[in-house]
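The values are calculated or read from the model by the stated rules, or taken from the named source; none is laboratory data. Keep in mind that what you see is a predicted model, and the values were worked out from it rather than measured. A quick note on method: Cβ atoms are made from the backbone with ideal geometry, for glycine too, and the neighbour counts reach across all protein chains shown.
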């Protein structure tokens, strides 16, 4: 069995949560289809988009960019998970006539937005231009060749 040597903790958490929520979203969709009752379609959509898709994309970023701020990424994971759970409960309550749960969806959406704000910060932080270290060259850099070295060519 092929194994990835090391996935940073935020990447592992987001990836595992993504596949579990993807599975939950699929099962919910199958159950709705079997019953011909699509009342929970908004819940199904949010579980798949916030849980499966968003969390998978967050995981991919943290795996591809292991230098991202892990402590901040863990805060982002917490906000994402709380937002997903609260939105699932709140939207589920709303579409089944439990209006008292609407505020849960609203607070869940605030956690979800907070998660995206944290992720935006992390992406901008990890992709900002940084000065090269002395002697370091990067792809696309112009390198000065001493005159006597150019004649030797």
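Take the range 24-72 and flag every residue that is touching a helix residue (DSSP H, G or I) at 6+ places or on another chain (Cβ under 7 Å), outside any helix (DSSP H, G or I) and at pLDDT 95 or above.
Listed by number, the residues that qualify are 38, 39, 40.
Please determine, by comparing only the residues of the range 40-59 that are within 11 Å of the chain's Cα centre (by Cα) and without any contact (Cβ under 8 Å) to a residue 40 or more places away in the chain, which one is farthest from residue 20 (Cα to Cα).
57
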